[in-house]
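Student: Below are the structure tokens for one structure; questions will follow.
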Amino acid sequence: MLFRSVCFDEKYGNDTLTIPEMEEALDKGLNGKRLSVVGFDACLMADYEVAKALSKFSDMLIASQNYEVGLGWDYSTIGKSLSKKTGKDLAKDICDGYMDKCTEVDKASTATLSAVDLTNFGTISKAFDEMMTGIDDEMDSSDGRLALRIAIKNSAAFGSNSNGHMDNFVDLAGAAHELSGHDIYNLSSREINSEKADAVDKAVKDAILYKVNGDIKSNATGLSVYYPSHYYMDEIQLIFLFSQEQ
């Protein structure tokens with residue numbers, strides 16, 4: 001995705017790695033091999049687009065849906081846990097260790113970290129595409145538009161000012177769950193989204209191997225999706241530049 005990037009390089013004008021650049025680097029560097037775990041000690045990286053891209057190269061993604069505390073992960077715990085028998089055991093130690101550090105500095109309330117199984121991500125992608133097709137078909141309906149807005153508003157949000165919801169990242173399973181059970185769809189003559197949204201909700205939750213989250217983000221289920229309820233100026237500029245290059 002155009003706006004998703006990580007690893008700000010202070011020596012080169014804060015240049016970042018975009019998702020396509022990460023894919024290219026992993027494709028060339030791994031040369032057909034596969035990783036057990038890819039982890040991001042960075043903000044807002046437990047994201048559908050990130051997970052989909054990395055599913056080609058790794059069995060698991062460990063990342064945060066929300067901003068990370070500046071102290072980052074507990075690498076002493078990670079070092080001791082590298083001999084764990086399974087990746088899930090390692091993921092649990094990484095998540096628990098991060099939450100312990102957040103608790104020590106009184107920052108646990110908004111903390112999130114999740115381990116996502118990428119080995120069957122095609123199931124999530126298929127369900128997501130079908131749900132989005134259904135949503136697109138209903139956007140000419142005022143009931144459909146209202147249901148989507150309510151579902152987004154009632155789900156966990158991440159990014160700037162996300163405590164008030166309706167920001168640029170939203171909890172994927174949470175939004176799908178809201179859509180699947182919303183009364184508006186029971187009144188709709190088409191009712192095309194409920195089962196498709198329920199499939200997304202189930203597929204995402206089945207893929208979450210382990211997660212931790214604080215009280216303020218207690219409804220975070222482990223994986224977000226970019227939802228542009230509004231744009232920042234730098235994003236608008238990126239869209240313009242990208243369109244000019246095509």
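The values are calculated or read from the model by the stated rules, or taken from the named source; none is laboratory data. On a predicted model such as this, the values are computed, not experimentally measured, just so you know. With ideal geometry, Cβ positions are generated from the backbone for all residues, glycine too; neighbour counts draw on all protein chains shown.
Student: Quick one: is Ser218 out of contact with any Pro (no Cβ under 9 Å at 6 or more places or on another chain), modelled with pLDDT under 80 and either over 18 Å from Met132 (Cα atoms) or hydroxyl-bearing (Ser, Thr, Tyr) (or both)?
Tutor: Details: out of contact with any Pro (no Cβ under 9 Å at 6 or more places or on another chain): yes; modelled with pLDDT under 80: no; either over 18 Å from Met132 (Cα atoms) or hydroxyl-bearing (Ser, Thr, Tyr) (or both): yes.
For Ser218, the condition - out of contact with any Pro (no Cβ under 9 Å at 6 or more places or on another chain), modelled with pLDDT under 80 and either over 18 Å from Met132 (Cα atoms) or hydroxyl-bearing (Ser, Thr, Tyr) (or both) - is not met.
Student: With Thr103, Thr123 as the choices, which residue is modelled with pLDDT of 90 or more, surrounded by fewer than 15 Cβ atoms within 10 Å (Cβ to Cβ) and farther than 18 Å from Leu44 by Cβ?
Tutor: When all the criteria are applied, what remains is Thr103.
Student: Select the helices (runs of 4 or more DSSP H) contained entirely in the range 81-175, then report the ones holding at least 2 residues which are within 26 Å of Gly39 (Cα to Cα) and of a type in the set (A, V, I, L, M).
Tutor: Once the helices (runs of 4 or more DSSP H) in the range 81-175 are filtered for at least 2 residues that are within 26 Å of Gly39 (Cα to Cα) and of a type in the set (A, V, I, L, M), what remains is 87-104, 121-138.
Student: Another question, then. Tell me the residue from Ser162, Ser194, Ser224 that is under 16 Å from Leu44 (Cα atoms) and at pLDDT 75 or above, please. Give the steps one after another, and end with the answer.
Tutor: Working: Ser162 fails: at pLDDT 75 or above; Ser194 fails: under 16 Å from Leu44 (Cα atoms).
Just a single option satisfies the conditions, and that option is Ser224.
Student: I'm told Glu21 meets every condition in (1) surrounded by fewer than 16 Cβ atoms within 10 Å (Cβ to Cβ); (2) touching a residue at least 40 places away in the same chain (Cβ under 8 Å) except one. Can you identify the failing condition by its number?
Tutor: For Glu21, the failing item is (2).
Conditions (1) modelled with pLDDT of 95 or more; (2) surrounded by 18 or more Cβ atoms within 10 Å (Cβ to Cβ), marked per residue:
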site	(1), (2)
Leu2	no, no
Val6	no, yes
Lys11	no, no
Asn14	no, no
Asn31	no, no
Met45	no, yes
Ser55	yes, yes
Thr77	no, no
Lys85	no, no
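Student: Identify all residues within the range 11-43 that are within 18 Å of Tyr75 (Cβ to Cβ), touching a Ser or Thr at 6+ places or on another chain (Cβ under 7 Å) and outside any loop (DSSP other than H, G, I, E, B); write none if there are none.
Tutor: Passing the criteria: only Val38.
Student: Run down Gly159, Gly144, Gly122 and say which single residue is more than 15 Å from the chain's Cα centre (by Cα), closer than 19 Å to Leu61 by Cβ and of a type outside the set (S, T, N, Q).
Tutor: So the residue among Gly159, Gly144, Gly122 that is more than 15 Å from the chain's Cα centre (by Cα), closer than 19 Å to Leu61 by Cβ and of a type outside the set (S, T, N, Q) is Gly122.
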